[in-house]
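Let me begin by presenting the structure, written as structure tokens, before commenting on it.
The values are calculated or read from the model by the stated rules, or taken from the named source; none is laboratory data. Here the structure is a predicted model, which means the values were calculated and not measured. Note that each Cβ is placed from the backbone with ideal geometry, even for glycine, and that neighbours are counted across all protein chains shown. SASA here: full protein model, heavy atoms, side chains in, ligands and nucleic acids out. Shrake-Rupley method; radii C 1.70, N 1.55, O 1.52, S 1.80 Å.
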Amino acid sequence: MTVAYLLQLLINGLVLGAFYALLATGLSLIFGVLEIVNFAHGEFYMLGAVAAFLLIDVGQLDYWSTIAVVTVAGLAVGWLLHRALLGGLAGRNFERSLLLTLGLGMMLQNGALYLLTATPRLVHTEFGMSAIRLAGVRLPWVRLLALGWAAVGLIGIWLVLYRTRVGQAMRAVAENREAALLVGIRPERVARLAVMVGIALCALSGAALAPVYAVTPTMGLTFAFKSFAIVVIGGFGSIGGAALVAVALGVIEALVGGLVSIVLADVVAFVAMILVLLFRPLGLFGTGVRV
């Protein structure tokens, strides 16, 4: 074990944790505004990665354009998802929304398996295997860029929520839907924007991580369950709490996987979730439904 090896694990953990944060933030935002747990969340991440593979390796589109196209497509898919499925369920019938999103996730995953097969696909960008070395640590460009996109996404959602009127409306609806309606906020429009942003974050995550990890139709399953665990640990509706827990979890998983066993790395999130549910059911940062 060397200092360079530990630094490599920390950087890998930061990349992983940043994308856990993006996915968990989108999941927490949708729950906070609509009171719906989107169990198809991981499949939209998978679709973003598949779209990046098709655009880059099949369509020969460059990396930068692919990120933009996939993110904008995520906004469009979010609009369609809200209009077709989630819009009528906001704030009511939790069991129905759970079954609906579970079924949607299974349909998307099995549809992708049928069309693409289970063969892992590698995304080949113009950066190839190029990397820089810093203090003995090898930093591939695709990982650095992925970390950069995660930072852009997290900073962007923070600015939207806390520096714009749209964000104020989202937080108001999450806090008290009826009171928000009384002061002229239209909850259905706010909910639509929340779903669009949440799915766009999934698409961005998938497209940015596609050159880092192999693309498979089942890749979203683990991320979905971990995002759910992160939101539970951080506190449902607490976006800041979810982001902090996600980054910490990514680093801990990388250290456990590199120093102990890669098999145990996937257990960390769920052990932490069980402990939090036992001793602090509202989560580490949760005080109710809020953003």
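With region 150-245 as the region, which helices (runs of 4 or more DSSP H) entirely inside it contain at least 3 residues that are of a type in the set (A, V, I, L, M) and surrounded by fewer than 16 Cβ atoms within 10 Å (Cβ to Cβ)? Because the criterion is at least 3 residues that are of a type in the set (A, V, I, L, M) and surrounded by fewer than 16 Cβ atoms within 10 Å (Cβ to Cβ), the helices (runs of 4 or more DSSP H) in region 150-245 that meet it are 177-182. Looking at region 269-287, is at least one residue at pLDDT 90 or above and among the charged types (D, E, K, R)? Scanning region 269-287 turns up no residue that is at pLDDT 90 or above and among the charged types (D, E, K, R).
Taken over region 120-142, the residue count meeting the criterion of being β-branched (V, I, T), in contact (Cβ under 8 Å) with a residue 40 or more places away in the chain and either loosely packed, with under 11 Cβ neighbours inside 10 Å or under 18 Å from A49 (Cα atoms) (or both) is 3. When R192 is tested against (1) at pLDDT 90 or above; (2) of a type outside the set (G, A, S); (3) under 11 Å from the mean Cα position of the chain (by Cα), exactly one condition is not met: (3). Every condition in (1) in contact (Cβ under 8 Å) with a residue 40 or more places away in the chain; (2) of a type outside the set (D, E); (3) over 23 Å from A40 (Cα atoms) holds for A180 except the one numbered (1).
Each residue in region 45-75 was checked for being in a helix (DSSP H, G or I) and open to solvent by less than 60 Å² (accessible area, probe 1.4 Å), and 20 of them qualify.
Can you tell me which residue is surrounded by the most Cβ atoms within 10 Å (Cβ to Cβ) among those in region 26-44 that are touching a Phe, Trp or Tyr at 6+ places or on another chain (Cβ under 9 Å) and part of a helix (DSSP H, G or I)? Once the filter is applied, the top-ranked residue is G26. Can you confirm whether G105 is farther than 20 Å from F225 by Cα, in contact (Cβ under 8 Å) with a residue 60 or more places away in the chain, open to solvent by less than 30 Å² (accessible area, probe 1.4 Å) and under 21 Å from the mean Cα position of the chain (by Cα)? The answer is no for G105. T218 - would you say it is at pLDDT 90 or above and of a type in the set (S, T, Y)? It is true that T218 is at pLDDT 90 or above and of a type in the set (S, T, Y). Looking across region 120-149, the residues that are over 17 Å from A207 (Cβ atoms) and not in a loop (DSSP other than H, G, I, E, B) come down to A131, I132, R133, L134, V137, R138, L139.
Residues that are among the β-branched types (V, I, T) and part of a helix (DSSP H, G or I) were ranked within region 1-20; the one that is surrounded by the most Cβ atoms within 10 Å (Cβ to Cβ) is V15. Farther than 25 Å from F228 by Cα and not in a helix (DSSP H, G or I) - does that describe any residue in region 108-116? No - not one qualifying residue is present in region 108-116. Just one residue in the set L98, L86, L23 is modelled with pLDDT under 95 and surrounded by fewer than 22 Cβ atoms within 10 Å (Cβ to Cβ); that residue is L98.
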